[in-house]
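The values are calculated or read from the model by the stated rules, or taken from the named source; none is laboratory data. Small disclaimer: the values here were computed from a predicted structure and weren't measured. Methodologically, a virtual Cβ is constructed for each residue, glycine included, from the backbone with ideal geometry; neighbour enumeration extends over all protein chains shown. Protein only, heavy atoms only, side chains kept; ligands, DNA and RNA dropped before computing areas. Shrake-Rupley method; radii C 1.70, N 1.55, O 1.52, S 1.80 Å.
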Protein chains: 6
Amino acid sequence: MYELGVVYRNIQRADAKVADALAALGASTVHEAMGRVGLMKTCMRPIYAGAQVSGTAVTVLLQPGDNWMLHVVAEQIRPGDIVVAACTTDNTDGFFGDLLATSFQARGARALVIDGGVRDVKVLTEMKFPVWSRAISSKGTVKATLGSVNIPVVCAGALVHPGDVIVADDDGVVCVPRERAAATLDAATKREANEGEKRAKLASGVLGLDMYSMREPLSKAGLRYID
Amino acid sequence: MYELGVVYRNIQRADAKVADALAALGASTVHEAMGRVGLMKTCMRPIYAGAQVSGTAVTVLLQPGDNWMLHVVAEQIRPGDIVVAACTTDNTDGFFGDLLATSFQARGARALVIDGGVRDVKVLTEMKFPVWSRAISSKGTVKATLGSVNIPVVCAGALVHPGDVIVADDDGVVCVPRERAAATLDAATKREANEGEKRAKLASGVLGLDMYSMREPLSKAGLRYID
Amino acid sequence: MYELGVVYRNIQRADAKVADALAALGASTVHEAMGRVGLMKTCMRPIYAGAQVSGTAVTVLLQPGDNWMLHVVAEQIRPGDIVVAACTTDNTDGFFGDLLATSFQARGARALVIDGGVRDVKVLTEMKFPVWSRAISSKGTVKATLGSVNIPVVCAGALVHPGDVIVADDDGVVCVPRERAAATLDAATKREANEGEKRAKLASGVLGLDMYSMREPLSKAGLRYID
Amino acid sequence: MYELGVVYRNIQRADAKVADALAALGASTVHEAMGRVGLMKTCMRPIYAGAQVSGTAVTVLLQPGDNWMLHVVAEQIRPGDIVVAACTTDNTDGFFGDLLATSFQARGARALVIDGGVRDVKVLTEMKFPVWSRAISSKGTVKATLGSVNIPVVCAGALVHPGDVIVADDDGVVCVPRERAAATLDAATKREANEGEKRAKLASGVLGLDMYSMREPLSKAGLRYID
Amino acid sequence: MYELGVVYRNIQRADAKVADALAALGASTVHEAMGRVGLMKTCMRPIYAGAQVSGTAVTVLLQPGDNWMLHVVAEQIRPGDIVVAACTTDNTDGFFGDLLATSFQARGARALVIDGGVRDVKVLTEMKFPVWSRAISSKGTVKATLGSVNIPVVCAGALVHPGDVIVADDDGVVCVPRERAAATLDAATKREANEGEKRAKLASGVLGLDMYSMREPLSKAGLRYID
Amino acid sequence: MYELGVVYRNIQRADAKVADALAALGASTVHEAMGRVGLMKTCMRPIYAGAQVSGTAVTVLLQPGDNWMLHVVAEQIRPGDIVVAACTTDNTDGFFGDLLATSFQARGARALVIDGGVRDVKVLTEMKFPVWSRAISSKGTVKATLGSVNIPVVCAGALVHPGDVIVADDDGVVCVPRERAAATLDAATKREANEGEKRAKLASGVLGLDMYSMREPLSKAGLRYID
């Protein structure tokens, strides 16, 4: 959050197998498995529907209207990373377009999550390079002021440390702290395991009221039925 | 609006034939036919494009961050209903996901209209269960506080009584009071009937200025043409 | 901006060849070629993805909740025009639908850019009539109060004179002043010409840091690398 | 909500003594006494700090950019009333200024609550005519389109019937249905009665944890203290 | 709007007497006198209540997060001017504080109108230097990128040419084009002249319905009274 | 951010003398002294003008619509603390009112900073208990779901660790990490020391252009003056 003008080259990434496995569970299940924390705000939307990814975070702190540090962070990307870009202030300028996406993709990045704007979204969609952003904007940026790379950042309300795991899909973006990634994968997998059975019951017409035994607590809370 | 902790089991639904027939006319035409009232705010967006539905409202009032009452309302759904969920305060949490959708669909619900957030949108899209909401969010909810079912609610700025007809499509969501449903269907059908002829004229190059005889009132209002 | 109740019939349009050629370059490149000015705000979104157009602006100033002047502007459309609709106040009502679109298309309009709402978006999509708007809304409008046609307007934060060139795609909407259109086309074409080579380099793994010779200025600005 | 072009002259107002007595309790206490419902959205702010009023609602439904019906509602005001103005769409125009305030005040109105904009706020402040609105705006309006007077309206998310009681202060605006006004006054008065004692305890350093016996339920819910 | 990196030193200011005289009429009356156009958006709020000013515009176009050009514009200020600052993108950073205010005041500026953020608002209030802005923010800015001075700008939705007259008070900010300033002063003065008489009538209980002869047009429009 | 249901009783607070001394410098100067980072978003506004405080943070993470943890955090307050309340989702409910303020004040708290709503603002103002919040709302809350106390939180976009220093005034709220508090005080004091001299120069008519030697860099950047 606080150190400007620095690039941390050595970060400790979450275990790759764990980071990779979280994608299939999706943002909502992972968020629940973490105890309902770690989400970015709902203003973060994918530029195209259907992408579902996970990966290890490399972070970058941008200045408003300035995308210089996106070129700096490119060098720190390793295959399997997701770039998480925060900004020192609210700004929707188009920090990122098809050229940077080409570079990020060449370095092995799986996605960009940016609390700002992006452009060239048609090309990005054709390239299958997914981006979650708060805006789409043609607005160009300058390269004049330093931010930082691989420091902890607050991106769309979520704290992200470099090396944490990012899980993103049509529902949104969640950050799993590196040290909790394995436990979260376990918990999320267990949640998922129960869902099939529940879905079958509900599809057959069984009510959640009965399946989850809610009638008694609802009654205790004072719920009254009126005919 | 005002009674918490109650579930009305017997509501008077609008005539099913009328409720069903309104879908084909669409939200904009129905809204016009009602005299340009009854619309929900434009923040209510479909989770996928192309759905166009109508049905009778069962209503539910939620508390922020709490989806307990969605399980309660499930039991009150009859085939042909649309669930309309309001909240006692602005809240974008993900109150509704694929499990509840499975249950709602099994009960015969045609759609959900919710002044809040939803999740699992990819699965909901595959299930063809349409939702109109103000947000998409992974944020999980608790089951701790009572709201009500089948009381009048204000949802996204529109007053909805249980049994009213909801019409929703890509243009938005409109509520037709039960007692006005038949008259609205008539009026909307008449509006629609004229549209084909108008469209043909306009497509041939005839101007609205002439087709609607606007030149004289415009001139009276003081419109000046400058060459 | 300031004259109400007038329609300018004779406007000087940008050169048609220039206006037509700008579409292929897209909003972001054209905006950069103009020196990073001329953009509309990011609230302006296309009603469907993939449209990319350019054309000469005919402008109209609307009153809130009133679409009378859209019928007036229809008569002033010539093939190759794009209608740019501003409003005297923030208003998201559905000023425009499929009938007006039929008329506009019959007159040769390529698109509508409106700082307000539109409706019948499913039909507009089927008609392939692209609209950039700040909202989608069923809300109907009246025909009671005069605005103006072909005066300079501020639309979503951008000043547009009649005859200027509008370029719009998935990234947004940019206005190119008529007198700068040719120079902008040149500059944008040159920008585009370099992009292929840059993209190839970046795709091969060359970093922007090296391709743009950023390492020295970054170091001078004080960037420190920490292992 | 649904009937346009009508003015209901005879409405049943809540008991004047009850309506008057609610002011002293304030919006927050009254809202709690009603079971935490009935609030308008937080965008409704007073034009000056310190006003605290209650009164019986006369309602008006406006069209965007059009204040004609405010002149119509003026005639329906009786001493002790508060005018509640809704609009068929989101609109922040300056529907109301010092002339209408002079008229309203002369008719005995105590305040205006408007889901729109107001102007002449300096003069209104000098006149001590309080207004709660979602915006302050110089934007002038026309007098061209009918709304209605004394129909039920949704104002800033709250349903208001003519004759209901409005309570407004620096915390916001709450609507108490006429038929619940007396019971709400009782409940609110009781709430208030306990507050002095609670305040004294808390001021002496007693914790809410102990005063409300929260330690056991917190522990049961799983709260852990870590030294 | 379109030229960056230039400072126009010689601008034609509106007549000083006219510019000065408009303050007393206030933003709302002046806006009406211009035909209900020329207003900035309602997000522009004064940092303290009660200021009411008018003056000739010197304009500046800023880059996001960069206040370099505010130092450049300071030199162009003459006594009686109001600085109007626009930005190439939405940005709420604190571009302006007490040091710049000291400089602007020393040069004779009467106020700042800025489509961005300001800081040191307590000191600015003590200095009696009024500012209308869209935000208050401590966020510091850099001095790295050129904008322009005394070009036409769009500020909070209003087009402002250098030399135009700005009128600002608690109701908002309006821009009067230089060439229309004298006529607007006349029209506004006439409006104001009638207000005293109207106010006296309304205060005596005469209704606007009668004073403005609205009963007949309302009836023609279809208004029905129901007892 | 991530641990729910825990209360850390022993936190390391920043040095009290340093924490106390930062108030006089104000949020804007402290923010600059930290290198232009650490600010909360501009939606955080004081409930009354003129308060200027600093103190050590005790933090609390709330659930939407639930203020249970505010009672838990009260016990952890020591004289000189400022309570910083974050929420797991965007929520503007009135979590805090005069009773909790009485308790907080009795425990020695200097202020509350809350990414949510507050109520009883008139009484809070009379009590001289300053609050910075994103909303004012009467909406009541429940006591049903656990959050945490004295874990790191993201409040209005800023990361706050328990024991950090909070500085808040009319300009906004800034968080100074505990380990950087002394250095920030030094840097801020130095900034402040230069301001008097600068202010005197600017008041005498010296331009920032000359005082900061900007003419040459502006010229190098390409600024052109046109007569």
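Data for the structure
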item: Region B:131-149 - residue that is open to solvent by 10 Å² or more (accessible area, probe 1.4 Å) and closer than 30 Å to D:PRO152 by Cα and, of those, farthest from the other protein chains (Cβ to nearest Cβ); result: B:ARG134
item: Given (1) within 28 Å of E:LYS143 (Cα to Cα); (2) outside any strand (DSSP E or B), number of the condition E:GLU32 does not satisfy; result: (1)
item: Condition check for E:ASP98: within 12 Å of chain F (Cβ to nearest Cβ) and of a type in the set (Asp, Glu); result: yes
item: Checklist (1) within 14 Å of the chain's Cα centre (by Cα); (2) open to solvent by 30 Å² or more (accessible area, probe 1.4 Å) applied to D:ALA21, failing item; result: (1)
item: Per-region count, region B:30-44, residues at the interface with chain C (Cβ under 8 Å from one of its Cβ atoms) and basic (Lys, Arg); result: 1
item: Pairs with Cβ under 6 Å, 6+ apart, first in region F:207-227 and without any contact (Cβ under 8 Å) to a residue 24 or more places away in the chain, second open to solvent by 80 Å² or more (accessible area, probe 1.4 Å) and in a loop (DSSP other than H, G, I, E, B); result: F:TYR225/E:ARG9; F:ASP227/E:ARG9; F:ASP227/E:ASN10
item: Of all residues making up region C:89-136, the number that are in contact with a Pro (Cβ under 6 Å, 6 or more places away or on another chain) and either among the hydroxyl-bearing types (Ser, Thr, Tyr) or closer than 21 Å to D:ASP93 by Cβ (or both); result: 2
item: Pairs where the first residue, in region F:16-36, is of a type in the set (D, E, K, R) and the second is part of a helix (DSSP H, G or I), C-beta under 7 Å, 6+ apart; result: F:GLU32/F:ARG191
item: Condition broken by F:LEU185, with the remaining ones in (1) without any contact (Cβ under 8 Å) to a residue 24 or more places away in the chain; (2) open to solvent by 10 Å² or more (accessible area, probe 1.4 Å); (3) out of contact with any strand residue (DSSP E or B) (no Cβ under 6 Å at 6 or more places or on another chain) satisfied; result: (1)
item: Residue under evaluation B:PHE129, criteria (1) assigned to a strand (DSSP E or B); (2) over 28 Å from D:HIS161 (Cβ atoms); (3) aromatic (Phe, Trp, Tyr), criterion not met; result: (1)
item: Looking only at region F:69-87, and only at residues there that are crowded, with 24+ Cβ neighbours inside 10 Å and more than 30 Å from B:ALA135 (Cβ to Cβ), the one that is nearest to the other protein chains (Cβ to nearest Cβ); result: F:ASP81
item: Check on B:THR89, farther than 22 Å from B:ASP170 by Cβ and part of a loop (DSSP other than H, G, I, E, B); result: yes
item: Verdict on D:GLN12 being open to solvent by 10 Å² or more (accessible area, probe 1.4 Å), under 25 Å from D:ARG119 (Cβ atoms), more than 9 Å from every other protein chain (Cβ to nearest Cβ) and not in a helix (DSSP H, G or I); result: no
item: Positions within region D:103-125 being in a helix (DSSP H, G or I), buried (at least 23 other Cβ atoms within 10 Å of the Cβ) and among the β-branched types (Val, Ile, Thr), in sequence order; result: D:VAL121
item: Answer from F:ASP66, F:ASP90 - the residue that is among the charged types (D, E, K, R) and either open to solvent by less than 30 Å² (accessible area, probe 1.4 Å) or more than 8 Å from every other protein chain (Cβ to nearest Cβ) (or both); result: F:ASP66
item: Of all residues making up region C:194-203, the number that are of a type in the set (Asp, Glu) and open to solvent by less than 60 Å² (accessible area, probe 1.4 Å); result: 1
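This table checks each residue for (1) facing chain F (nearest Cβ under 7 Å); (2) touching a Ser or Thr at 6+ places or on another chain (Cβ under 8 Å).
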| residue | (1), (2) |
| --- | --- |
| D:VAL165 | no, yes |
| D:VAL173 | no, no |
| D:LYS190 | no, no |
| D:GLY196 | no, no |
| D:ALA200 | no, no |
| D:SER213 | no, no |
| D:LEU218 | yes, no |
| D:LEU223 | yes, no |
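Each row is one residue, and each column tells you yes or no for (1) open to solvent by 60 Å² or more (accessible area, probe 1.4 Å); (2) touching a helix residue (DSSP H, G or I) at 6+ places or on another chain (Cβ under 8 Å); (3) of a type in the set (Asp, Glu).
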{"position": "E:LEU159", "(1), (2), (3)": "no, no, no"}
{"position": "E:GLY163", "(1), (2), (3)": "no, yes, no"}
{"position": "E:CYS175", "(1), (2), (3)": "no, no, no"}
{"position": "E:GLU192", "(1), (2), (3)": "yes, yes, yes"}
